[in-house]
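For reference, the structure is listed below as structure tokens.
The values are calculated or read from the model by the stated rules, or taken from the named source; none is laboratory data. As the structure is a prediction and not an experimental result, all values here were calculated from the model. Glycine also receives a Cβ, built like all others from the backbone with ideal geometry; neighbour counts cover every protein chain displayed. Just so you know, the surface numbers come from the protein's heavy atoms only, side chains and all, with ligands and any DNA or RNA stripped out. Shrake-Rupley method; radii C 1.70, N 1.55, O 1.52, S 1.80 Å.
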Amino acid sequence: VPSPRVLPPFVKQFSVVLPSCSGSERAHLHFRMGRHCALTAIEALDPGSGLTDLERGPARFPLWPHGVTGSITHTDGFVSAAVASTSHVRALGIDTERMFLPDLEAGVASVIATPEEMTRAAAGIYSRFEALTLVFSIKESIFKCLYPVVGKFFEFCGVRIVEVDAETNMFRAELATSLSSEFRRGSIVIGRFELNATRVATGVCLAADSEAGFR
């Protein structure tokens, strides 16, 4: 199936839609297909690589082969993986979320987003549920991108949404806490998003040249 258009064209991404299932069967299927998507994307990036499996690293993140970095995401019925050469990309993060429903929104909104962030994400275009799902997904993508670089967990409040542009599908965020000497409080993160009737997808790409920042 087509992958969300949230990353630069030199990033290889592969996505699949899965049949409905529940419980442990769904968790196992999502894990297995996440690895399948990752290996397929790696093969597209480096034909003939011959890679047949990915080991798990800290926090269950996959251990990418030398010269490759990537990210995996899965939500109900959808799995995707993206990879890039470390000559282009230092780290990347992708996330896809099914649109939040009212019963879930009531319990998590205050943990995920401030009222100001919700206003910026909605921007008079998106509903409250779309805006909250978008904020959640943006922060997940940023975490997936930066955690392998800084080796440090950070909460939703560690990232602040500064701008969401519905015309360009770009977002801008800043770190609300210092994660390392390089990624300090106030550092700007730029990424892309895609939104449809049922899902939100986001992507963040940190250039190999640290001075280039986020693409």
| note | In nanometres, the difference between 0.36 nm per residue of separation and the alpha-carbon distance of residue 66 and residue 208 is 49.7 nm
| field | Cα gyration tensor shape for the stretch 106-170, rounded if a/c is under 1.5, else prolate or oblate | value | oblate
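Run lengths n ≥ 4 of DSSP H only: what is the helix-derived mean residue ellipticity at 222 nm for the chain, with -39500 (n - 2.57) per run over all residues, to the nearest 500? Please report the intermediate quantities before stating the final value.
On the way: 4 runs with 65 residues, N = 215.
Helix-only estimate at 222 nm: -10000 deg cm²/dmol.
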| Out of residues 5 or more away from residue 162 or on other chains, whose amide H comes under 5 Å of its own, with H placed 1.01 Å from N in the peptide plane? | 172, 173, 174
| query | Among all the aspartates and glutamates, which ones have a C-alpha under 12 Å from residue 139's C-alpha, if same-chain residues fewer than 8 places away are not counted? | reply | 95, 97, 117, 155, 174
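When the convex hull of the C-alpha atoms of the chain is computed, what volume per residue in Å³ does it have?
On the way: hull volume 27.0 nm³, N = 215.
Measuring per residue, one finds 126 Å³ for the Cα hull of the chain.
Might you report the magnitude of the Cβ-based charge dipole of the stretch 84-167 about its Cα centre, with Lys and Arg at +1 and Asp and Glu at -1, to the nearest 20 debye?
Working: 8 positive and 12 negative charges, 76 e Å.
In debye, rounded to 20, the stretch 84-167 gives about 360.
Quick check for you: with a 1.4 Å probe and neighbouring chains kept, what is the accessible area per residue of the stretch 70-215, in Å²? All intermediate terms of the calculation are to be shown ahead of the outcome.
On the way: 6380 Å² over 146 residues.
Each residue of the stretch 70-215 exposes 44 Å² on average to a 1.4 Å probe.
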| request: Please give, to one decimal in nm, the separation of the simple spin-label points placed at residue 10 and residue 197, each 7 Å out from Cα toward the Cβ. | output: 3.8 nm
| query | Each residue of the stretch 30-39 in order: what ³J(HN,Hα) in whole Hz does its phi give by Karplus 6.51 cos²θ - 1.76 cosθ + 1.60, θ = phi - 60°, with x for Gly and Pro? | reply | 4, 4, 5, 6, x, 5, 4, 4, 5, 5
| note | Candidates 131, 81, 27; GNM for the chain (alpha-carbon contacts under 10 Å) flags as most fluctuating 27
